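The values are calculated or read from the model by the stated rules, or taken from the named source; none is laboratory data. As the structure is a computational prediction, the values presented were derived from the model and not from experiment. Counting neighbours? That spans all protein chains shown, and the Cβs are built from the backbone with ideal geometry, glycine included. Surface areas here come from the heavy atoms of the whole protein model, side chains and all, with no ligands, DNA or RNA. Shrake-Rupley method; radii C 1.70, N 1.55, O 1.52, S 1.80 Å.
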Amino acid sequence: MRARLIAIACAAALFAGAIFSQRQANSARAFESGDELLYLPNARLLKHFTGGMNHIVADLLWLQCIQYIGKESKGDRKFTWLQQMLETIVQLDPWFDDAYRYGGMFLAALRADDDAGIDLLERGFIANPDNFQLPYELAMIFLLNRKDEPGAKERATYYLSLAAAIEGSPEFIRNLATQLHGQYDLADVEREMWARLAGSEDTLLRELAARKLVEMDIITATEQLNQAVLAFRQRTGEFPESLDEMVQAGIIQPLGPDPLGGRFFLAADGVIYNTTTLEELKANRLKILRNLLDGYEKDNGHWPVSLDEVLRAGTIPALPEHPYPGQDWTYNPATGIVE
(Lines give C-alpha, C1' and ligand atoms only; values in the text may rest on other atoms or scores of the structure.)
Protein backbone atom coordinates (compact mmCIF):
# COMPACT_ATOMS: atom_id res chain seq x y z
CA MET A 1 0.00 0.00 0.00
CA ARG A 2 2.80 2.40 0.93
CA ALA A 3 4.61 1.74 -2.35
CA ARG A 4 1.37 2.38 -4.24
CA LEU A 5 0.82 5.70 -2.48
CA ILE A 6 4.39 6.73 -3.20
CA ALA A 7 3.92 5.84 -6.87
CA ILE A 8 0.72 7.91 -7.06
CA ALA A 9 2.42 10.83 -5.34
CA CYS A 10 5.35 10.63 -7.77
CA ALA A 11 3.01 10.43 -10.74
CA ALA A 12 1.02 13.41 -9.46
CA ALA A 13 4.23 15.40 -9.08
CA LEU A 14 5.35 14.44 -12.58
CA PHE A 15 1.92 15.25 -13.93
CA ALA A 16 2.09 18.69 -12.32
CA GLY A 17 5.57 19.16 -13.79
CA ALA A 18 4.32 18.27 -17.24
CA ILE A 19 1.45 20.74 -16.92
CA PHE A 20 3.88 23.43 -15.79
CA SER A 21 6.13 22.74 -18.77
CA GLN A 22 3.17 22.77 -21.12
CA ARG A 23 2.03 26.07 -19.67
CA GLN A 24 5.44 27.58 -20.21
CA ALA A 25 5.59 26.28 -23.76
CA ASN A 26 2.14 27.59 -24.66
CA SER A 27 1.84 30.65 -22.48
CA ALA A 28 2.50 33.21 -25.20
CA ARG A 29 0.07 31.62 -27.67
CA ALA A 30 -2.56 31.04 -25.00
CA PHE A 31 -2.26 34.60 -23.78
CA GLU A 32 -2.94 35.85 -27.29
CA SER A 33 -5.83 33.53 -28.04
CA GLY A 34 -7.41 33.44 -24.57
CA ASP A 35 -8.04 29.69 -24.79
CA GLU A 36 -7.42 27.03 -22.12
CA LEU A 37 -5.12 24.74 -24.05
CA LEU A 38 -2.28 25.51 -21.66
CA TYR A 39 -4.12 23.48 -19.01
CA LEU A 40 -4.05 20.37 -21.19
CA PRO A 41 -0.61 18.76 -21.56
CA ASN A 42 -0.20 16.62 -24.67
CA ALA A 43 0.33 12.88 -24.42
CA ARG A 44 3.85 12.91 -25.85
CA LEU A 45 5.02 15.40 -23.24
CA LEU A 46 3.29 13.50 -20.45
CA LYS A 47 4.85 10.21 -21.49
CA HIS A 48 8.25 11.84 -21.28
CA PHE A 49 7.60 12.96 -17.72
CA THR A 50 5.73 10.00 -16.28
CA GLY A 51 8.66 7.63 -16.04
CA GLY A 52 6.58 4.54 -16.88
CA MET A 53 3.61 5.43 -14.70
CA ASN A 54 1.39 6.30 -17.64
CA HIS A 55 -1.69 4.57 -16.26
CA ILE A 56 -1.53 6.51 -12.99
CA VAL A 57 -1.21 9.80 -14.83
CA ALA A 58 -4.11 8.69 -17.06
CA ASP A 59 -6.18 8.20 -13.87
CA LEU A 60 -5.30 11.71 -12.70
CA LEU A 61 -6.13 13.20 -16.08
CA TRP A 62 -9.42 11.26 -16.11
CA LEU A 63 -10.36 12.92 -12.82
CA GLN A 64 -9.49 16.28 -14.37
CA CYS A 65 -11.65 15.36 -17.37
CA ILE A 66 -14.64 14.58 -15.11
CA GLN A 67 -14.19 17.93 -13.37
CA TYR A 68 -14.00 19.66 -16.74
CA ILE A 69 -17.27 18.00 -17.84
CA GLY A 70 -18.97 19.13 -14.63
CA LYS A 71 -17.73 22.68 -15.13
CA GLU A 72 -18.82 22.78 -18.77
CA SER A 73 -22.22 21.30 -17.92
CA LYS A 74 -22.89 24.31 -15.68
CA GLY A 75 -21.39 26.74 -18.20
CA ASP A 76 -21.68 27.20 -21.95
CA ARG A 77 -21.69 23.40 -22.61
CA LYS A 78 -19.30 23.65 -25.55
CA PHE A 79 -16.98 20.88 -24.28
CA THR A 80 -14.26 22.29 -26.52
CA TRP A 81 -11.41 20.26 -25.04
CA LEU A 82 -13.29 17.07 -24.23
CA GLN A 83 -12.11 15.05 -27.22
CA GLN A 84 -8.50 16.13 -26.80
CA MET A 85 -8.53 15.23 -23.12
CA LEU A 86 -9.95 11.79 -23.88
CA GLU A 87 -7.42 11.21 -26.65
CA THR A 88 -4.58 12.08 -24.27
CA ILE A 89 -5.93 9.68 -21.64
CA VAL A 90 -6.26 6.69 -23.97
CA GLN A 91 -2.86 7.37 -25.51
CA LEU A 92 -1.38 7.19 -22.03
CA ASP A 93 -3.39 4.09 -21.13
CA PRO A 94 -4.78 2.25 -24.21
CA TRP A 95 -6.58 -0.26 -21.93
CA PHE A 96 -8.49 2.36 -19.91
CA ASP A 97 -11.93 0.95 -20.79
CA ASP A 98 -13.93 3.47 -18.70
CA ALA A 99 -12.31 6.34 -20.60
CA TYR A 100 -13.39 4.74 -23.88
CA ARG A 101 -16.86 3.83 -22.64
CA TYR A 102 -17.87 7.01 -20.82
CA GLY A 103 -15.78 9.17 -23.13
CA GLY A 104 -17.68 7.83 -26.15
CA MET A 105 -20.98 8.43 -24.36
CA PHE A 106 -19.98 11.97 -23.38
CA LEU A 107 -18.86 12.85 -26.89
CA ALA A 108 -22.10 11.58 -28.42
CA ALA A 109 -24.48 12.90 -25.75
CA LEU A 110 -22.84 16.08 -24.45
CA ARG A 111 -20.95 17.35 -27.47
CA ALA A 112 -23.40 15.80 -29.97
CA ASP A 113 -20.42 14.41 -31.86
CA ASP A 114 -21.52 10.88 -32.77
CA ASP A 115 -18.61 10.33 -35.13
CA ALA A 116 -16.03 11.08 -32.44
CA GLY A 117 -17.89 8.90 -29.93
CA ILE A 118 -18.13 5.99 -32.36
CA ASP A 119 -14.47 6.29 -33.28
CA LEU A 120 -13.38 6.29 -29.62
CA LEU A 121 -15.61 3.34 -28.70
CA GLU A 122 -14.49 1.28 -31.70
CA ARG A 123 -10.82 1.83 -30.83
CA GLY A 124 -11.62 0.98 -27.23
CA PHE A 125 -13.18 -2.31 -28.26
CA ILE A 126 -10.13 -3.24 -30.34
CA ALA A 127 -7.94 -2.61 -27.27
CA ASN A 128 -10.41 -4.31 -24.86
CA PRO A 129 -12.14 -7.07 -26.86
CA ASP A 130 -13.53 -8.78 -23.72
CA ASN A 131 -15.52 -5.69 -22.60
CA PHE A 132 -19.18 -6.09 -23.66
CA GLN A 133 -20.03 -2.53 -22.59
CA LEU A 134 -18.09 -0.95 -25.45
CA PRO A 135 -20.02 -2.60 -28.33
CA TYR A 136 -23.22 -2.11 -26.32
CA GLU A 137 -22.65 1.66 -26.14
CA LEU A 138 -21.91 1.66 -29.87
CA ALA A 139 -25.24 -0.05 -30.49
CA MET A 140 -27.02 2.54 -28.35
CA ILE A 141 -25.62 5.41 -30.43
CA PHE A 142 -27.00 3.82 -33.59
CA LEU A 143 -30.32 2.93 -31.96
CA LEU A 144 -30.92 6.28 -30.26
CA ASN A 145 -28.91 9.02 -31.96
CA ARG A 146 -28.97 7.69 -35.51
CA LYS A 147 -32.17 5.69 -35.57
CA ASP A 148 -33.50 7.49 -38.67
CA GLU A 149 -30.40 6.88 -40.77
CA PRO A 150 -30.40 4.05 -43.35
CA GLY A 151 -28.67 0.97 -41.98
CA ALA A 152 -28.60 2.25 -38.38
CA LYS A 153 -30.50 -0.72 -36.94
CA GLU A 154 -28.30 -3.17 -38.82
CA ARG A 155 -25.21 -1.52 -37.33
CA ALA A 156 -26.86 -1.61 -33.89
CA THR A 157 -27.56 -5.32 -34.30
CA TYR A 158 -23.96 -5.86 -35.37
CA TYR A 159 -22.65 -4.34 -32.14
CA LEU A 160 -25.31 -5.92 -29.93
CA SER A 161 -24.40 -9.33 -31.33
CA LEU A 162 -20.80 -8.66 -30.40
CA ALA A 163 -21.80 -7.56 -26.90
CA ALA A 164 -24.12 -10.53 -26.39
CA ALA A 165 -21.39 -12.99 -27.38
CA ILE A 166 -18.95 -11.80 -24.72
CA GLU A 167 -18.89 -13.70 -21.44
CA GLY A 168 -20.60 -11.82 -18.64
CA SER A 169 -22.95 -9.79 -20.81
CA PRO A 170 -26.35 -9.40 -19.11
CA GLU A 171 -29.42 -11.15 -20.45
CA PHE A 172 -31.18 -7.94 -21.50
CA ILE A 173 -28.45 -7.35 -24.10
CA ARG A 174 -28.89 -10.85 -25.52
CA ASN A 175 -32.68 -10.38 -25.53
CA LEU A 176 -32.35 -7.05 -27.33
CA ALA A 177 -30.01 -8.60 -29.91
CA THR A 178 -32.46 -11.47 -30.44
CA GLN A 179 -35.37 -9.04 -30.75
CA LEU A 180 -33.59 -7.02 -33.43
CA HIS A 181 -32.64 -10.19 -35.27
CA GLY A 182 -36.27 -11.27 -35.29
CA GLN A 183 -37.40 -7.85 -36.47
CA TYR A 184 -34.89 -7.45 -39.27
CA ASP A 185 -33.92 -11.06 -40.10
CA LEU A 186 -30.24 -10.18 -39.89
CA ALA A 187 -28.75 -13.65 -39.85
CA ASP A 188 -26.74 -12.91 -43.00
CA VAL A 189 -25.48 -9.64 -41.50
CA GLU A 190 -24.36 -11.44 -38.35
CA ARG A 191 -22.70 -14.24 -40.31
CA GLU A 192 -20.79 -11.71 -42.38
CA MET A 193 -19.73 -9.92 -39.20
CA TRP A 194 -18.33 -13.07 -37.59
CA ALA A 195 -16.67 -14.10 -40.85
CA ARG A 196 -14.80 -10.81 -40.91
CA LEU A 197 -13.80 -11.10 -37.26
CA ALA A 198 -12.56 -14.64 -37.90
CA GLY A 199 -9.69 -12.99 -39.77
CA SER A 200 -8.87 -10.64 -36.89
CA GLU A 201 -5.30 -10.33 -35.63
CA ASP A 202 -6.60 -10.63 -32.07
CA THR A 203 -6.58 -14.26 -30.95
CA LEU A 204 -9.54 -13.83 -28.59
CA LEU A 205 -11.74 -12.28 -31.27
CA ARG A 206 -10.63 -14.86 -33.86
CA GLU A 207 -11.50 -17.80 -31.59
CA LEU A 208 -14.78 -16.21 -30.54
CA ALA A 209 -15.77 -15.60 -34.17
CA ALA A 210 -14.91 -19.19 -35.17
CA ARG A 211 -17.13 -20.56 -32.41
CA LYS A 212 -19.99 -18.18 -33.20
CA LEU A 213 -19.94 -19.23 -36.86
CA VAL A 214 -20.29 -22.85 -35.80
CA GLU A 215 -23.08 -21.92 -33.38
CA MET A 216 -24.90 -20.13 -36.21
CA ASP A 217 -24.64 -23.28 -38.32
CA ILE A 218 -26.13 -25.29 -35.43
CA ILE A 219 -28.99 -22.80 -34.96
CA THR A 220 -29.72 -22.92 -38.71
CA ALA A 221 -29.65 -26.73 -38.66
CA THR A 222 -32.03 -26.76 -35.68
CA GLU A 223 -34.48 -24.51 -37.53
CA GLN A 224 -34.31 -26.75 -40.61
CA LEU A 225 -34.91 -29.85 -38.48
CA ASN A 226 -38.01 -28.26 -36.95
CA GLN A 227 -39.29 -27.50 -40.44
CA ALA A 228 -38.74 -31.19 -41.19
CA VAL A 229 -40.83 -32.10 -38.13
CA LEU A 230 -43.73 -30.13 -39.63
CA ALA A 231 -43.22 -31.89 -42.97
CA PHE A 232 -43.33 -35.27 -41.18
CA ARG A 233 -46.57 -34.30 -39.47
CA GLN A 234 -48.10 -33.16 -42.76
CA ARG A 235 -47.25 -36.50 -44.33
CA THR A 236 -48.22 -38.79 -41.47
CA GLY A 237 -50.68 -36.71 -39.41
CA GLU A 238 -48.55 -37.24 -36.29
CA PHE A 239 -45.40 -35.87 -34.71
CA PRO A 240 -42.33 -38.14 -34.98
CA GLU A 241 -41.28 -40.04 -31.88
CA SER A 242 -37.56 -39.74 -32.62
CA LEU A 243 -35.02 -38.33 -35.04
CA ASP A 244 -34.39 -41.88 -36.30
CA GLU A 245 -38.03 -42.12 -37.31
CA MET A 246 -37.60 -39.02 -39.47
CA VAL A 247 -34.49 -40.54 -41.07
CA GLN A 248 -36.32 -43.79 -41.77
CA ALA A 249 -39.19 -41.82 -43.33
CA GLY A 250 -36.71 -40.13 -45.67
CA ILE A 251 -37.57 -36.67 -44.27
CA ILE A 252 -33.97 -35.95 -43.14
CA GLN A 253 -30.52 -37.43 -43.66
CA PRO A 254 -28.64 -39.04 -40.74
CA LEU A 255 -27.17 -36.28 -38.57
CA GLY A 256 -23.42 -35.82 -38.31
CA PRO A 257 -21.65 -35.00 -35.04
CA ASP A 258 -22.01 -31.57 -33.46
CA PRO A 259 -18.53 -29.97 -33.84
CA LEU A 260 -18.94 -28.32 -30.42
CA GLY A 261 -19.73 -31.60 -28.70
CA GLY A 262 -23.49 -31.26 -28.33
CA ARG A 263 -26.34 -33.28 -29.80
CA PHE A 264 -29.78 -32.77 -31.30
CA PHE A 265 -32.80 -34.27 -29.55
CA LEU A 266 -36.54 -34.36 -30.02
CA ALA A 267 -38.28 -33.23 -26.83
CA ALA A 268 -41.72 -34.21 -25.54
CA ASP A 269 -43.16 -30.92 -26.82
CA GLY A 270 -42.42 -32.05 -30.41
CA VAL A 271 -39.60 -29.51 -30.87
CA ILE A 272 -35.99 -30.34 -31.77
CA TYR A 273 -33.29 -28.73 -29.64
CA ASN A 274 -29.51 -28.78 -29.59
CA THR A 275 -27.60 -29.17 -26.34
CA THR A 276 -24.75 -26.85 -27.40
CA THR A 277 -27.05 -23.85 -27.67
CA LEU A 278 -29.08 -24.89 -24.62
CA GLU A 279 -25.95 -25.27 -22.48
CA GLU A 280 -24.78 -21.80 -23.41
CA LEU A 281 -28.16 -20.36 -22.51
CA LYS A 282 -28.15 -22.33 -19.26
CA ALA A 283 -24.69 -21.04 -18.28
CA ASN A 284 -25.65 -17.43 -18.96
CA ARG A 285 -28.91 -17.67 -17.04
CA LEU A 286 -27.18 -19.35 -14.09
CA LYS A 287 -24.80 -16.40 -13.88
CA ILE A 288 -27.76 -14.06 -13.65
CA LEU A 289 -29.38 -16.14 -10.91
CA ARG A 290 -26.15 -16.44 -8.92
CA ASN A 291 -25.56 -12.69 -9.12
CA LEU A 292 -29.11 -12.08 -7.87
CA LEU A 293 -28.61 -14.51 -5.00
CA ASP A 294 -25.25 -12.97 -4.05
CA GLY A 295 -26.84 -9.52 -4.07
CA TYR A 296 -29.72 -10.72 -1.89
CA GLU A 297 -27.34 -12.34 0.60
CA LYS A 298 -25.20 -9.21 0.73
CA ASP A 299 -28.23 -6.98 1.41
CA ASN A 300 -30.02 -9.26 3.89
CA GLY A 301 -27.27 -11.27 5.54
CA HIS A 302 -28.85 -14.62 4.62
CA TRP A 303 -29.85 -16.62 1.57
CA PRO A 304 -33.47 -16.36 0.41
CA VAL A 305 -35.84 -19.18 1.35
CA SER A 306 -36.71 -19.67 -2.32
CA LEU A 307 -35.95 -18.20 -5.73
CA ASP A 308 -39.38 -16.57 -5.65
CA GLU A 309 -38.22 -14.56 -2.62
CA VAL A 310 -35.56 -12.97 -4.85
CA LEU A 311 -38.30 -12.10 -7.31
CA ARG A 312 -40.44 -10.56 -4.57
CA ALA A 313 -37.47 -8.40 -3.58
CA GLY A 314 -38.22 -6.53 -6.79
CA THR A 315 -34.78 -6.66 -8.39
CA ILE A 316 -36.06 -8.05 -11.70
CA PRO A 317 -39.57 -8.52 -13.15
CA ALA A 318 -39.13 -12.28 -13.80
CA LEU A 319 -36.63 -15.03 -13.11
CA PRO A 320 -34.85 -16.49 -16.15
CA GLU A 321 -36.41 -19.79 -17.19
CA HIS A 322 -34.49 -23.03 -17.43
CA PRO A 323 -33.75 -23.41 -21.16
CA TYR A 324 -34.28 -27.19 -21.24
CA PRO A 325 -37.94 -28.04 -21.82
CA GLY A 326 -39.64 -29.51 -18.75
CA GLN A 327 -36.76 -28.72 -16.38
CA ASP A 328 -36.56 -26.29 -13.44
CA TRP A 329 -33.72 -24.85 -11.41
CA THR A 330 -32.80 -26.60 -8.20
CA TYR A 331 -31.98 -24.30 -5.28
CA ASN A 332 -30.56 -25.01 -1.84
CA PRO A 333 -31.52 -22.20 0.61
CA ALA A 334 -28.96 -23.47 3.15
CA THR A 335 -26.01 -22.87 0.82
CA GLY A 336 -27.40 -20.45 -1.76
CA ILE A 337 -26.36 -22.82 -4.55
CA VAL A 338 -28.56 -22.94 -7.64
CA GLU A 339 -28.10 -25.55 -10.37
Pairs only if they're at least six apart or on different chains, beta carbon under 8 angstrom, first in the stretch 287-303 and closer than 16 Å to THR330 by Cα, second assigned to a loop (DSSP other than H, G, I, E, B) and of a type in the set (S, T, N, Q); list them, first residue then second.
LEU292/THR315; TRP303/THR335
Quick check on GLN83: is it farther than 22 Å from PRO135 by Cα and either of a type outside the set (Gly, Ala, Ser) or part of a loop (DSSP other than H, G, I, E, B) (or both)?
no
Might you check whether a residue that is part of a helix (DSSP H, G or I), out of contact with any strand residue (DSSP E or B) (no Cβ under 8 Å at 6 or more places or on another chain) and farther than 18 Å from LEU281 by Cβ occurs anywhere in the stretch 249-266?
no
Considering only residues that are farther than 23 Å from ALA164 by Cα and in a loop (DSSP other than H, G, I, E, B), look in the stretch 282-324 and name the one that is modelled with the lowest pLDDT.
GLY314
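Any idea which of GLY270, GLY237, GLY250, GLY261 is open to solvent by 60 Å² or more (accessible area, probe 1.4 Å), at pLDDT 85 or above and more than 30 Å from LEU138 (Cα to Cα)?
The match here is GLY261.
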Being among the polar types (S, T, N, Q) and surrounded by fewer than 18 Cβ atoms within 10 Å (Cβ to Cβ) is the filter here, so list the residues in the stretch 65-107 that pass it.
GLN67, SER73, THR80, GLN84, GLN91
Does at least one position in the stretch 173-181 carry a residue that is at pLDDT 85 or above, of a type outside the set (Ser, Thr, Tyr) and crowded, with 19+ Cβ neighbours inside 10 Å?
no
Check on ALA209, surrounded by 15 or more Cβ atoms within 10 Å (Cβ to Cβ), over 26 Å from MET105 (Cα atoms) and modelled with pLDDT of 75 or more
yes
Failed condition for LEU230, given (1) among the hydrophobic types (A, V, I, L, M, F, W, C); (2) part of a helix (DSSP H, G or I); (3) at pLDDT 85 or above; (4) surrounded by 14 or more Cβ atoms within 10 Å (Cβ to Cβ), with all others met?
(4)
Can you name the residue in the stretch 86-98 that is part of a loop (DSSP other than H, G, I, E, B) and not aromatic (Phe, Trp, Tyr) and is also farthest from ALA58 (Cα to Cα) among such residues?
PRO94
Which one of these does THR277 not meet: (1) in contact (Cβ under 8 Å) with a residue 40 or more places away in the chain; (2) in contact with a Phe, Trp or Tyr (Cβ under 8 Å, 6 or more places away or on another chain); (3) among the hydroxyl-bearing types (Ser, Thr, Tyr)?
(2)
